[in-house]
Every structure is written in structure tokens, then in C-alpha cells.
Amino acid sequence: MKQLIFLFALLVLGFNLAAKDYTLESPTGKITVKIAVGEKISYEVLLNGKAIIAPSTISMTLDDATSWGIGEKVKKAKTASVSQELKPVVQRKFATIKDEYNQLTLSFKDHSLEVRAYDKGAAYRWVSNKKGDYKVMSEEVNFNFPADHNIWFPEEESFMSHQERVYLRDKLSNVGSDRFCSTGMLVDCGNNVKTYISESGLLDYAGLWLQGSDENANALVGKFPGVVLEEELIRDRDMKPTKYADYIAECSGPRNFPWRVMLITENDADLIQSDLIYQLAPEQLIENTDWIKPGKVAWDWWNANNIYGVDFESGINNQTYKYYIDFASKYGLDYIILDEGWYHLGDVLDVVDDIDIRELVDYGKSKNVDIILWVVWKTLDDKLIEALDQFKAWGVKGIKIDFMQRDDQWMVNFYEKIAKECAKRELLVDFHGAYKPVGLDRAYPNVISYEGVRGLENNKWSELPDPEHNLTLPFIRMVAGPMDYTPGAMINKTKLNFNPVFTEPMSMGTRCHQLGLYVVFESPLQMLADNPSNYYREPECMEFLSAVPSTWDDTKVLEAKVSDYVAIARRSGDTWYVGALTDWDPREMELKLDFLGNGTYTMKVWKDGINADKHAADFAQETVQVTSGSTVKVKMAPGGGWVAIISKK
């Protein structure tokens with residue numbers, strides 16, 4: 001285990017077991033969680049003494065007609081104070097994560113309730129000590145707010161979803177029981193306070209969704225897909241449930257249930273800097289991780305393999321993919337991906353005639369470039385062991401597995417099965433068509449990225465994502481974990497000039513907006529979405545894209561406002577990378593470089609060109625000398641961006 005643990009205190013307190021109220025404070029006392037045990041168990045969360053979550057009841061009902069949290073008596077209560085350092089195998093924003101919290105455990109007859117208080121949030125979960133088999137019929141999850149707050153609501157129409165949502169601005173009172181969303185989602189509690197709601201430690205259980213309440217207009221209520229009893233296969237990829245059970249999970253023996261997470265921040269920057277979902281996740285479950293290699297990937301599907309300026313016909317063939325490998329090698333990219341088309345759909349081992357995987361793997365090795373294969377989840381599952389063994393024999397380094405589109409208990413277990421079987425064969429996993437991260441990447445660090453985000457691919461057929469959407473993602477979706485948004489478009493358009501084109505796609509916003517996404521958006525397996533032929537024509541941009549890392553030692557959020565703007569400085573080794581983004585509003589910022597060390601640094605800048613408001617691909621460069629006392633003026637066009645590399649002189 002690559003983590004250093006310093007247990008500063010483990011304090012067990014003897015509560016009066018007749019007492020019905022328990023109070024837990026975070027390490028500095030900023031967050032307080034109150035638990036009331038009466039006819040029903042309820043919790044309340046306060047920030048600096050002010051209620052953020054009003055008293056909210058919680059319970060879990062089993063098939064033996066017992067209901068945890070209803071009419072219970074506490075047998076034992078204890079608290080623990082923990083301070084430790086976590087060292088992620090695959091870094092996302094920090095090389096070391098400080099993990100400090102206080103925990104209250106209330107023990108009942110055959111289960112317990114664990115509650116944690118962090119200085120920037122709170123979480124609780126049920127823990128079972130039961131033996132034998134049992135079913136969870138329902139789980140009562142309530143988030144009652146003291147007022148009718150504004151929200152960012154990723155509304156859904158069905159449990160069958162890629163969870164690639166737009167975060168709608170709405171109010172709690174407008175979300176009744178007939179509307180629901182996937183998680184995480186964000187609540188604006190006023191006075192700059194935000195509450196992000198999600199879950200962590202989702203294993204062998206159904207995912208958490210949220211709906212409104214007809215009883216309390218200021219509440220959000222948990223909603224779960226039932227166990228799937230019947231399903232229908234549509235094409236090779238869409239396994240659509242047609243009948244759900246009236247229970248949400250089948251269980252056996254003692255187990256932990258998922259954490260219900262509330263991240264509470266007093267400034268928007270803390271949403272970006274949070275690792276709370278990771279901190280609450282299950283500890284690492286695989287031993288050898290030396291083979292896990294983050295990096296950047298040349299991606300074929302977004303631009304439909306539409307390369308040009310070559311003396312062969314482009315398409316799904318070895319010549320085209322060798323062209324991708326040559327491009328990746330020239331610019332130091334670690335991988336190329338073979339997306340849809342390399343096998344005959346329906347049989348993952350029936351490779352098309354114009355593709356020779358082993359030849360491509362060998363050619364890539366000669367160029368220090370490895371191969372990742374895209375697969376449909378159902379087609380892979382039909383021949384799982386045989387296919388993964390073949391991928392390993394070919395020398396492939398990972399899979400991009402797609403179109404799961406569900407988070408019922410069976411599918412959640414499928415995710416873990418894939419992570420485990422791929423780890424046995426030293427294969428990376430990038431989940432697409434996926435629900436949001438919930439900590440599986442801590443348990444299985446070979447799970448290196450997730451989609452579950454409306455990313456750049458949608459611009460092939462849609463005006464979303466656009467810069468407005470992009471400025472919500474760091475504060476909501478990215479809080480959960482890495483997101484495979486797939487940035488890097490070299491054809492860039494203003495709002496007026498944009499037009500969806502499937503085979504030669506473009507992005508909304510400026511060229512430097514696309515470059516800025518590589519600093520702002522976190523994905524240890526980061527794609528370069530565009531056509532290598534286009535990249536070859538942009539050597540100035542490739543100077544940045546070839547240098548920017550996909551993992552980070554440190555992160556500093558310099559400016560941030562949800563849905564409006566962000567500026568982030570990230571460090572890799574001794575070099576800092578700074579990225580800024582704006583929505584459709586032009587914007588100017590002054591960024592202090594006080595995060596730098598002593599001495600003079602060279603700062604190379606890529607910025608929106610003077611005409612970027614009319615021709616979005618316009619950009620300019622400059623190189624200046626800076627110190628920790630410098631302030632940099634940043635000017636961005638509508639939908640614009642700004643990036644810099646700062647290295648020691």
C-alpha cells in the first residue's frame with residue numbers, strides 16, 4: 001500500500017446509552033453533525049454553527065421486515081479521530097492527500113451507523129453485521145435544506161443513462177417527486193456556501209439518484225434502481241432493463257454500504273480541490289501497481305479517422321493506425337486507441353480484415369507507444385476471460401469499455417469484475433457510457449478514468465458542450481473523480497460560426513479554451529481528440545500539448561466561480577502549468593504567482609488572439625520572466641482561455 005498513515009489519536013468515549021442525541025465535530029470544529037436517535041434516526045449538518053442540512057431522517061428496510069433507523073436503541077457509541085496521509089498510485093491533483101476526520105459509530109443489534117465529519121464536509125453509511133442472505137428493500141436518504149436554494153440539477157429521464165447531463169439552473173421547490181437526477185449535484189446555499197451531494201464506496205449495491213419531495217419543497221430524496229429481473233438486448237450494446245424488482249440489493253453476510261456524501265465549501269475553489277470521494281473510498285485491493293502508467297492518448301473516433309496528406313486510403317486499417325503511432329511517438333504521447341470498428345460488432349475477437357493487432361502492438365513498441373482497445377461491454381462480457389487473455393497475449397495495455405449506461409446492483413458488480421480481471425492481466429480500464437466515479441479507482445488504481453460527462457464528442461452532433469457547460473464541470477462532475485472529456489479540438493468556432501459536422505468536427509469557443517482544458521480538467525488518461533493531420537499543422541499548440549502532463553503533484557485554484565470562470569495552477573515536478581477558462585463572457589483576470597518558489601522563472605504563454613472573438617482559432621504566444629512576486633494580466637475572449645508553462649530559469 002502506497003500510503004503513510006499517522007494515527008494521532010483514537011479516542012473511545014463512553015456515551016450514556018440512554019441518550020438520544022449525539023454531536024460530532026470536524027477536526028477544527030467548522031463542521032458539526034448532530035444525530036438524533038428516537039422513533040427514527042435523523043441527522044443535521046451545520047457549518048460554523050449554521051444549519052446547512054436541516055434534520056433529515058435516514059433508514060434502511062430489509063426483507064425480514066426490520067428497518068434500521070426506526071425504533072432502535074444504541075448498544076454502543078464510540079468516536080475516533082484520524083489524521084493520515086494518502087499517496088494515490090495515480091495522482092490526479094496532489095501527490096499526497098491529507099485525510100483528517102472525526103468519526104462517530106453507533107452500534108445497534110446487528111448493524112451500525114458510521115458518521116464522519118471533515119472540515120469541508122460530512123458523510124454517513126450503514127454497516128451490516130448480519131449473517132446469511134438478505135435483501136435491502138429500500139433505503140431512505142433525505143437531504144432537507146433550511147431554505148429554497150438554487151441548484152445545478154443534472155436531470156435524467158431514465159435509469160438507463162450515460163449520465164452525460166447538462167447542469168440545469170433551478171430551485172429546490174421546482175423539483176417534485178416526478179423529477180430526478182443523477183449524482184453528484186450542487187446546491188447553492190447562499191453566502192458563497194455550496195453543498196455537493198454524491199456517494200462513495202459504491203460496491204455491490206445500486207447507485208444513488210435524487211428526486212424532489214412532495215412533502216418538503218426544500219428537500220432532495222434518494223432514489224435507486226431496483227435489481228434487474230428482465231432485460232432486452234438492443235443492437236450489440238444496449239442491455240435495457242424491462243422489469244425491476246421491488247428491492248434494490250441482494251446481500252450476503254457482513255458488509256459496508258455506500259457513503260452518503262455532503263461536501264460543504266465556503267468558496268468555489270474548494271470544490272475543485274476536494275478529494276473527499278477518494279478519501280471515503282475503499283482502500284487499495286490490488287498489490288502490484290508498478291505497471292500502471294498514466295499518459296496521453298491519440299484518439300481516432302472523434303475525427304472519424306479522417307486523416308489527410310497521406311499516400312494511402314485512410315480508415316480502419318493498419319496504415320492509418322501506424323500514422324497515429326508515428327504522430328504519438330513524435331510528440332511523446334504514451335498511447336493510441338483503436339476505437340469502434342477494429343472488430344466486427346457482436347464478437348470482440350472477430351478482428352476486421354484490415355487490422356492486425358499484434359503487428360500494431362509491435363510497431364508501437366518500436367516507437368515507445370502502446371495500444372488501448374475500445375470494446376462494447378456486453379460483447380466483451382460474452383467472452384470475458386478469453387478476450388482479456390487474448391488482449392494480454394497481443395501486448396495491449398488497456399481497454400476503453402463502453403455503453404454500460406446503468407448503475408443497478410448487477411452493473412455495479414460488473415464494474416468491479418472488470419477492474420479485477422483487468423488488474424490480473426495488467427490492463428488499464430477507462431469506463432465510458434458510465435456512471436460517475438465513486439471511489440473504484442482507489443480500490444483498483446488500474447481504473448484510470450471515466451466518462452459520465454457530456455464531453456467533446458457531443459460536438460459532432462450538438463451545440464453542447466459549449467464554454468458555459470465546460471465551466472460547470474470542474475465544480476460538479478470533476479469533484480467525483482477523473483473525467484474523460486476528450487479535449488483538444490484544432491477547429492474552433494465562435495457561437496455564431498459553429499456547425500456540428502460528424503466527420504470533421506469542431507469545438508465551441510477559442511483555441512486557447514481547448515488548451516486550457518488540459519490544465520483544468522483532470523484525467524490521468526488524457527485524450528488528444530483531434531486529427532493528427534490537423535495537429536501537424538499546429539506546431540505551436542503541439543509544443544504545449546506534448547509537454548502538459550496528465551497527473552499532478554500539486555494544485556492551486558487561483559480564481560473560481562461556478563459556471564463563470566476558473567484559473568488553476570498545477571505542478572508537475574519543478575514545472576508549473578497554469579490554465580484559465582471563461583464562459584461566453586469576455587473576461588480579464590490578474591493572477592498572482594505567489595505559489596512559485598524563490599528565483600526567476602520563464603513563463604511561456606498561449607493566449608487568445610486579438611481577433612479570437614471573430615475567428616476562434618486565433619491565438620498568440622509570448623515569453624516573459626516572472627517571480628513569486630509577479631502578477632499576470634489575463635485577457636480572454638468570449639468562450640476563451642489562457643495557458644502558461646512556468647519553468648525555472
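The values are calculated or read from the model by the stated rules, or taken from the named source; none is laboratory data. As the structure is a prediction and not an experimental result, all values here were calculated from the model. Virtual Cβ from ideal backbone geometry, glycine too; neighbours counted across all protein chains shown.
The table below lists the values:
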item	result
Hits in the stretch 150-191 - residues which are assigned to a loop (DSSP other than H, G, I, E, B), of a type in the set (A, V, I, L, M, F, W, C) and within 22 Å of residue 260 (Cβ to Cβ)	159, 175
Selected residue (criterion: surrounded by the fewest Cβ atoms within 10 Å (Cβ to Cβ)) from residues of the stretch 124-149 that are assigned to a loop (DSSP other than H, G, I, E, B) and of a type in the set (Gly, Ala, Ser)	132
Long-range neighbours under 7 Å by Cβ, at least six apart or interchain, first residue in contact (Cβ under 8 Å) with a residue 40 or more places away in the chain within the stretch 520-542, second of a type in the set (S, T, N, Q) and assigned to a strand (DSSP E or B)	523/449; 524/449; 525/449; 540/621
Top-ranked residue in the stretch 481-532 [being over 20 Å from residue 93 (Cα atoms) and β-branched (Val, Ile, Thr); ranked as surrounded by the most Cβ atoms within 10 Å (Cβ to Cβ)]	510
Residue match in the stretch 453-460 (condition: modelled with pLDDT of 95 or more, out of contact with any Ser or Thr (no Cβ under 7 Å at 6 or more places or on another chain) and acidic (Asp, Glu))	no
Boolean, residue 397 is touching a residue at least 40 places away in the same chain (Cβ under 8 Å), basic (Lys, Arg) and either buried (at least 19 other Cβ atoms within 10 Å of the Cβ) or in contact with a Gly (Cβ under 9 Å, 6 or more places away or on another chain) (or both)	yes
Single unsatisfied condition, residue 436 versus (1) surrounded by fewer than 24 Cβ atoms within 10 Å (Cβ to Cβ); (2) assigned to a loop (DSSP other than H, G, I, E, B)	(1)
Verdict on residue 80 being within 30 Å of residue 569 (Cβ to Cβ) and of a type in the set (Gly, Ala, Ser)	no
Selection count where residues are among the aliphatic types (A, V, I, L, M) and buried (at least 20 other Cβ atoms within 10 Å of the Cβ), scope the stretch 533-547	1
Qualifying helices (runs of 4 or more DSSP H) (wholly inside the stretch 445-553; at least 2 residues being small (Gly, Ala, Ser))	539-547
Some residue of the stretch 527-537 being among the basic types (Lys, Arg) and touching a strand residue (DSSP E or B) at 6+ places or on another chain (Cβ under 6 Å)	no
Verdict on residue 405 being touching a Ser or Thr at 6+ places or on another chain (Cβ under 7 Å) and touching a residue at least 60 places away in the same chain (Cβ under 8 Å)	yes
Per-region count, the stretch 612-649, residues part of a strand (DSSP E or B) and either surrounded by fewer than 20 Cβ atoms within 10 Å (Cβ to Cβ) or basic (Lys, Arg) (or both)	12
Some residue of the stretch 601-611 being part of a loop (DSSP other than H, G, I, E, B), surrounded by fewer than 21 Cβ atoms within 10 Å (Cβ to Cβ) and within 29 Å of the chain's Cα centre (by Cα)	no
Test: residue 431 is more than 20 Å from the chain's Cα centre (by Cα), surrounded by 23 or more Cβ atoms within 10 Å (Cβ to Cβ) and not assigned by TED's automatic domain parsing to the domain that holds residue 251	no
Residue match in the stretch 364-371 (condition: touching a residue at least 24 places away in the same chain (Cβ under 8 Å) and of a type in the set (Ser, Thr, Tyr))	no
Qualifying positions in the stretch 318-356 - on the phi > 0 side of the Ramachandran plot and either among the hydroxyl-bearing types (Ser, Thr, Tyr) or surrounded by 15 or more Cβ atoms within 10 Å (Cβ to Cβ) (or both)	341
Residue 378 vs. criteria surrounded by fewer than 22 Cβ atoms within 10 Å (Cβ to Cβ) and in contact with a helix residue (DSSP H, G or I) (Cβ under 9 Å, 6 or more places away or on another chain)	no
Residue in the stretch 268-280 that is touching a Ser or Thr at 6+ places or on another chain (Cβ under 7 Å), touching a residue at least 40 places away in the same chain (Cβ under 8 Å) and among the aromatic types (Phe, Trp, Tyr) present	no
Residues of the stretch 86-110 satisfying the condition of being part of a strand (DSSP E or B) and touching a residue at least 24 places away in the same chain (Cβ under 8 Å)	86, 97, 99, 100, 101, 102, 103, 104, 105, 106, 107
The stretch 272-317, subset in contact with a helix residue (DSSP H, G or I) (Cβ under 6 Å, 6 or more places away or on another chain) and part of a helix (DSSP H, G or I), residue nearest to residue 123 (Cα to Cα)	277
Residue count, the stretch 374-421 (criterion: part of a loop (DSSP other than H, G, I, E, B) and not polar (S, T, N, Q))	9
Selection status of residue 560, touching a Lys or Arg at 6+ places or on another chain (Cβ under 7 Å), of a type outside the set (D, E, K, R) and in a strand (DSSP E or B)	no
Whichever residue in the stretch 318-347 is aromatic (Phe, Trp, Tyr) and in a loop (DSSP other than H, G, I, E, B) and, among such residues, is nearest to residue 298 (Cα to Cα)	331
Of the criteria (1) of a type outside the set (Phe, Trp, Tyr); (2) in contact with a Lys or Arg (Cβ under 6 Å, 6 or more places away or on another chain); (3) within 22 Å of residue 249 (Cα to Cα), which one residue 388 fails	(3)
Answer residue from the stretch 279-317, given it is surrounded by fewer than 22 Cβ atoms within 10 Å (Cβ to Cβ) and among the aromatic types (Phe, Trp, Tyr) and is nearest to residue 338 (Cα to Cα) among those	301
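Matching residues to (1) in the same structural domain as residue 628 (by TED's automatic domain parsing); (2) not hydrophobic (A, V, I, L, M, F, W, C):
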{"site": "510", "(1), (2)": "yes, yes"}
{"site": "528", "(1), (2)": "no, no"}
{"site": "550", "(1), (2)": "yes, yes"}
{"site": "556", "(1), (2)": "yes, yes"}
{"site": "575", "(1), (2)": "yes, yes"}
{"site": "585", "(1), (2)": "yes, yes"}
{"site": "591", "(1), (2)": "yes, no"}
{"site": "604", "(1), (2)": "yes, yes"}
